Each structure stands twice: as C-alpha cells, then as structure tokens.
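Working notes, beginning with the structure itself.
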Amino acid sequence: MAEALALIGSHAVSLTNCTQGKADTIAMLSLRELFEESDWVRWGSLNSLLPTLSEASPDEFLSAVEYAIAATPSPFDRLFEQEDTGIFGRNYITGLLWALEGIAWEETYLSRTTVALAEIAARDPGGNWANRPGNSLNGIFLPWMPHTLASGEKRQAALKTICDEQPEVAWKLLESLLPSQHSTTSGTHKPRWRKAIPEGWEKGVTNVEYWQQSRFCAKLLVEQAGFDVIKLVSLVGTYDHLPPPASEALRDKLLSEDCLRLSEKERLPLWEALCKLIAHHRHFPEAERPLGEDSLLPMAEIASKLPPKSPSLLNKRLFSDADAYLYEGDGDSREEQEKLFQTRKTAIGGILSEGGVPQVLEFASTVSNADLVGEVLADWKQPKFDAVLLPALLDKADQKLWSFVEAYALRRSFMGNWKWFDDINKADWKPKQIALLLCALPFERKAWDRAAQLLGENEVEYWNNTNANTYQTEDEIEYALRKLLEFDRPDSVIVGLTRDLYKKKDINPELASDALLALVQTEKITGRIDSCHITKIIKALQENSATDQDKLCRIEWEYVSLLGKYRDGSPITMENRLASDPRFFCELIQSIYSAKAAVPEEELSQKYRNIATNAYKLLSTWKVVPGTLAGGEFEPDAFTEWISTTEAIVEASGHYDVAMIQLGNVLVNAPPGPDGLWIHPVIAEAMNCKERSCLRDGYHMGIYNSRGAHIVDPEAKPERALAEKYRQREEQVDNAGYQRLATTLRHVAKRYDRASERIISRSDAPH
C-alpha cells in the first residue's frame, strides 16, 4: 500500500485516465488520514515505511511531521525513549530521518525539511545509534559533499533559518561543517520513487564551491557565538579549522571591549584556551593542520592581554592541563617533567604567600588535578603543614579534597618512608582517621601490619576504605585478599586474583571460589567489575584439578550469563553434567516451560524467575552432546540410555515437545560416525525416528541459529555454499537410510536457497 501511494503521488502525470489532480489528491488525503492525530505507536509502527510514504506527498508528510513536533507531548519524544542499547537493539526514529533526508534532495523542500530535522534534533536525548537527526543535517549540508540538489545560495539560506529557529542545534551543526581532514560520509537516503535526482548526476562540488560554503559556515559560526564565553572558548579550540575571514572575525571579538572588560574569573577560560592552542601547535608542529608562528603570534598577542593577576587564577592551568601542553622546551621528558614540577612548586609558593595553606586548599578545590597540588605541597617537607592537614582532612566525603590529601600523604611517605607515618603523633586520632591515612599510603604488607597493630577491633575501617591496589606491591597478597573477603570486599579480591593470573601465577582455588560465590551475594560493590576478569578466573578454576567441583557448578550457574557463546568461556562443568545426567536436563526444562495443557500459575516469585532465566541461558549455551564422556569421547550406549530416560520423564511431566526441540539444538554438535558418515549413526537413527518430529524441528532451528551474527555478502556466496553443504549432507543420510533426517536437511538447504535469492534481489534493488 505504501509503495502504491508513492507510485501514485510521484507519477501522477502518467495516470492520464484520471481526473486532473486526482492522483495527487488521493496520495495527499491518504497520508493526511494516516497521520491525523497519530501517536508515537503509529509513528513507530510505520518506521520502516516512512521513507516510502514521504514520497507520496512530501508537503503532506512534512505537515504531519510539523504537527507531531508541535504536539504536547510530542510522539517523537516517546520514540526516542524506545531506543535500545546493545548490538541487536532497535531504533524507531531511523525511518523518519531517512524520509526527511530523501525529501531534502529537492531544493523546494530544503529549508522546511532541515528546520524540521533541527526541531527533532533539539529533542534528541542522544544514544548509541549513529542515525541521529544531527547527523542527518550534517550529511545534507556537508560543504564538500552536499546531499541535496539545492544551490549554494539555498543551502546558506536554510542554515540561516536553522540559526534563527534552533540556535543550539545550528551551533553544533556549523561546528561539524568546519574544514576537516577526517570528514567522512556514508551518504543520506535517496528518493526511490520521485525522480528528484536526474540521470547522470555527479556527486560532489568544485573546489571553489567547497571553499565558498566552508567560509560561509565558519563566518556564520563566529557570528552565532556572540560574546558567549563558552562558545568563544570552543572557537579558540577549533581556530586551526577556521578559514579567513572567520579567523580574523574571531580575533577581533577576542580583542573587543566586550571581552577585555570581563572580570578575571569570567575571561579565565578564554585565556586558558588560548594558552593551550599556542602550546599545542608549538610543541606538536607535526600535528595535522599545524599553525605556523605567523598565525600563532596574533593569538599570543591576544593571550598577553587576558591573563589574570591573581596567582590562584593565573596558575590554575598548571594543575588542569595535560603535562605535554605545559612543557616549555623540547628536552628530555624527565627534564621537562622536573622543570614543570619546579614551576608548579613556585606557583604554590606564591599562593602560600598570598594566603597560606587555607588558600592552597581553596585553590585545590578549583583545579582538575587536585592531587598535583597535594604532591607539590608535600615537597616542602613541613611538619606544620602536616599538622594543618592531618587528621582534619582525612575524610573521603569530598573526593577532590581526598585526592589532594591522599597525594600529599603518599609523597610525604615516599620521601620519609614509613618513618614519617610512625613519627606522627596519633594519640588523639580516631580509628577511622588512622585507617584513612593508611589508605593513602601504598597497599603493602607494612600497611596491613600497621592496620592490625594500631586499629585492633577497628581494623574493618582500613579494609573497608582501602583502594586495594594490588599492583602497588610485590608482597604475597593472599593475606590481603583473605582480609578483603573477610570484610565483604569480594570485588577487590577478584581484581587481585586477576592480577596474579596476568602475571602467570597460580591462584588459590578455594579463595577464588569463595570470592566468586560471595560476589553474587554482596550488595557492597566498591569498584567496577570487568566481566572478563570473572570469566578468566572461572576458566582457571575449570583447569585446576584441585577446584571443588560442587562449588564450581554453583559458580557456573551463577555466572552463566557471562559464559555464553558471545564471550570467552563456557559453563563446561554444567554442560558435562547435562550430557551425563538426563534428570538434571529435565529439571531445567521444567523450570523454564509450563507443562503441556497446564493451567497458568499465579505470578512467579523473583527467585523462581531467576532460576528460569539461568536455566534458559545454560541450555542456550549447551554444546556437549549427551553421551559424551569427560575426556570428550562419544559413547553410543550412554546416548541411547540418556535419551530414553529423558523421554520417559518429560512425557510424564508434559514437557516432551519443548525438551526434544531443545535437544535438537544441541545435536547440531553431533560427532561423525566411525564409518565415515558426517554424523554418528546412533544419533542419526535417534533423529530419524518417526515419533521424534520435534527433535528434528529443534535440529533445523539449531543449524540456522548456529551461524550467529554475520556480515551479509551482497552476492550471497556464504548462503549458496551452505545450501550446497546441506544438500550434500541430505544425500549422504538419505543413502544411509535416514529419510526423515534427510527431509529436514533438504528444508535447511531450501531455506538457504531462499535467503540467497532474497539477498541478491535486495542488492539489485534501486537505492
């Protein structure tokens, strides 16, 4: 129906037997009725059809979009909320964007369409998908590859209109249109039905047109900035991408009275941005689009008029920028680092002279790297500074202040070793204050011993607060890991065990097992847990013969979602149990699926839902064929007994069909037979049984699903190869007397044939 409307609306002149204007009216009224007061469900449901529908009547489609934008609430807000994350997530706004991109090819609709896109972009909360309204606007207006047939003048007019109606969206758009060596595009959607793009049209623009458009965008961007300091800072950062006259206009703004009369605090970001720009191009002359001294001198002159006089403001950048931007020469990195440290020390000395340690603390609260301030202050080795800072500032509530005092204490201890800590009079300190000072020092045996000696029954304060950085010590860490586990820090134990594994050290299987089991029970996670750390430890346990097998089964059960087919590792212990214990398999089936003809139960408890979820994930990753022994050998008699026992149990419980389908999925991994047949004859015989059609259905699904995610070849070579593979297998089992299994394989081959035909037909379709 959508294609019929697009055909009618875009080829109305060809319908010579219709009343004048009838075809256009049909297309227009059809779209009007379809979108009248449409909610987000309607827009989302039509997502894939919107590019086609928009070609039926662009004017009417744009009216519907504009109405939806103005509605309260707008359906597009709800559509953005539906966006899924993850590799297989969905996005219900893409069709709308493609529709508007297609309409924008026509000069007549450019301004109206791009303003609508800007309105939608203003509502965009952001997400993982690349299909975003801002990206659509960028693709349409790219100076070097515009995706519209509108003239340069029309494009400029449209950009001005967006600036008037959506200035923030326009700002981001214009920034993205500045000249860049890394600008790429995959194109925008092209109309399929309307003959908007003439035959033989060549994409791209001349060099003259490119620079005309680039200069216009840059000039408009500088105008849009006004005297907004944040925007001016951004422009300074992209100064090397501003062609004249935009670069001159920016310099004029920075030297204007509006900027020069700003207070020191207000103009500080401008001065810092200028210093960073100049340092970058002087220290990295090999960088892309480098600015020579002729271009840098005017900016340096501007910077010389903007520096603050207050030491606290003047020296802020020394503790905020990356070190590389602060080096003053081209010498050895160690020499430059030492010179920078002395520069920082001089700066802190000036602040100390201005207001003492309290002024330094206030300064530290304003910089990005407060830890550097603490490190420099410690270099004075002043006990009077210790007395001001300790124990008063030993509190993690203010993270910036904590990073300051932590760095201060760490450098003091490096300069004075543990003697500095021991010499501090801590008689009046609270246990938590002693613990926090220890937490600021290296995580090593000397700290652990002092925590035990000084804190006694309050030792928990240390183990609860330490960052447990096991990379700080070469000491034997098992003592520390056991302490962390004792005080409910299994996540930190996992990190420590992973360190040992990366160092090719053996880990204690009992400690590792207890930590993994404790992790699923704890509510106190003190750091980020990387799933690859967990899977690495589980694999080490699986390979260690000393591991308690009962605990290992529990671990694999709890972490089965991390051991799936898309991750490194598998629940091999549980899989082997499934392959040897049919009753366990039946228990999992019964926990997931209701019995045939069973009356639905009341709402299931969360505990039962969790069991069902884990059971489903385990069965989804199961690859070990029943009858396979621990060493990997296939035992035909064991397989026969396994399937007979399973059938008896699931027939009695009402789970026969789902159990056989699940088993069929696993038999995709069946071993070859001893006689050269690609599948073991005992398994082939089992699947060929007349009564086991569900087993064959599961096998069919298992074959198709086993391929997983893959890149589609427009020539469908993989699909055709798979079709041939299963035709050959079909012939072999048919010749061996397994005609029902052969029929299943024939269906698989035909399915791949159809898939290849579908792919090839889509590749040949117009875009």
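Please treat every number below as a calculation from the coordinates, not as lab data. All figures in this text were calculated on a predicted structure; none of them were measured in a lab. Because the Cβ atoms are built from the backbone with ideal geometry, glycine has one as well, and the counts that use them run over all protein chains shown.
Loop-resident trypsin sites (Lys or Arg not before Pro) (DSSP state other than H, G, I, E or B) in the stretch 673-767 with no more than 11 further Cβ atoms inside 10 Å of their Cβ: Lys690, Arg707.
Relative to its residue count, the stretch 159-299 spans a Cα convex hull of 143 Å³ per residue.
Neighbour counting of Cβ atoms within 10 Å sorts the residues His747, His189, fewest neighbours leading, into His747, His189.
Give me the number: length gained by fully extending Gln739 to Lys717, i.e. 0.36 nm times residue separation minus the C-alpha to C-alpha distance, one decimal in nm. Intermediate results must be reported in sequence, preceding the final value.
Working: separation 22, 0.36 × 22 = 7.92 nm, distance 2.80 nm.
Working it through step by step, the gained length comes to 5.1 nm.
Fewest Cβ neighbours within 10 Å first, please rank Leu677, Leu117 accordingly.
Numbers: Leu677 16, Leu117 27.
Ordered by Cβ neighbours within 10 Å, fewest first: Leu677, Leu117.
Close amide H contacts of Thr628 (hydrogens built in the peptide plane, cut-off under 5 Å, sequence separation of 5 or more or a different chain): Glu635. Ellipsoid fit via the Cα gyration tensor, the stretch 361-429: semi-axes of 20, 14, 10 Å, each the root of five times an eigenvalue, largest first. Note: relative contact order over the chain, using C-alpha pairs below 8 Å and six or more positions apart, is 5 percent.
Estimated translational diffusion coefficient (Stokes-Einstein, Kirkwood radius over Cα pairs, 10 °C, 1.306 mPa s) of the stretch 444-564: 107 µm² per second. Helix-only arithmetic for the chain: the sum of -39500 (n - 2.57) across DSSP H runs with n ≥ 4, divided by the residue total, places the mean residue ellipticity at 222 nm at -19000 deg cm²/dmol.
Among the chymotrypsin sites (Phe, Trp or Tyr not before Pro) in the stretch 366-410, those located in a DSSP loop and surrounded by at most 14 other Cβ atoms within 10 Å of their own Cβ are Trp380.
The three principal axes of the C-alpha atoms in the stretch 76-197 carry coordinate ranges of 40, 34, 30 Å, sorted with the longest axis first. Shape class of the chain from the alpha-carbon gyration tensor: oblate, with a/c at 1.5 or above and b/c at least as large as a/b.
On a per residue basis, the convex hull of the C-alpha atoms belonging to the stretch 689-759 measures out at 73 Å³. Computed with the Debye formula from one identical point scatterer per Cα of the stretch 154-231, without solvent, the log10 of I(q)/I(0) at q = 0.15, 0.18, 0.24, 0.27 Å⁻¹ comes to -0.68, -0.92, -1.25, -1.33. Give me the log10 of I(q) over I(0) for the stretch 663-712 at q = 0.13, 0.25, 0.27, 0.29 Å⁻¹, as the Debye formula computes it from C-alpha points; what are the numbers? One equal scatterer on each Cα of the stretch 663-712 leads to -0.34, -0.92, -1.00, -1.07.
In whole percent, what relative contact order does the stretch 598-689 give with Cα contacts below 8 Å and a gap of six or more residues? It rounds to 21 percent for the stretch 598-689.
Evaluate E = 1/(1 + (r/R0)^6) for His11 and Lys690, where r is the Cβ-Cβ distance and R0 equals 56 Å; express this FRET efficiency to the nearest 0.05.
Efficiency computed from Cβ-Cβ geometry: 0.50.
Near Ala71, within a Cβ-to-Cβ distance under 11 Å, what is the net charge of the other residues, with Lys and Arg +1 and Asp and Glu -1? Local charge sum for Ala71: -3. Loop-located GluC sites (Glu not before Pro) in the stretch 2-93 (DSSP state not H, G, I, E or B) with no more than 15 neighbouring Cβ atoms inside 10 Å: Glu36, Glu37.
Between Val520 and Leu677, the distance separating the two model label sites (each 7 Å from Cα on the Cα→Cβ line) works out to 4.0 nm. When the listed pairs Lys430/Lys483; Lys265/Lys339; Lys524/Lys551; Lys426/Lys446 are checked against a 25 Å cut-off, the alpha-carbon distance exceeds it for Lys265/Lys339.
For a test of the definition: using alpha carbon positions, the gyration tensor, and the 1.5 limit on a/c, classify the stretch 588-731 as rounded, prolate or oblate.
Values: a/c = 1.98, a/b = 1.36, b/c = 1.46.
Note, shape of the stretch 588-731 comes out oblate.
Cα-based radius of gyration for the stretch 1-153, normalised by 2.2 N^0.38 Å, reads 1.07. Listing Arg123, Arg112, Arg261 from fewest to most neighbouring C-beta atoms within 10 Å gives Arg261, Arg123, Arg112. Projected onto planes of every orientation and averaged, the convex hull of the alpha-carbon atoms in the stretch 38-98 covers 4.1 nm².
Under Stokes-Einstein, with the Kirkwood radius over Cα pairs as Rh, the value for the stretch 474-524 at 37 °C and 0.692 mPa s is 302 µm²/s.
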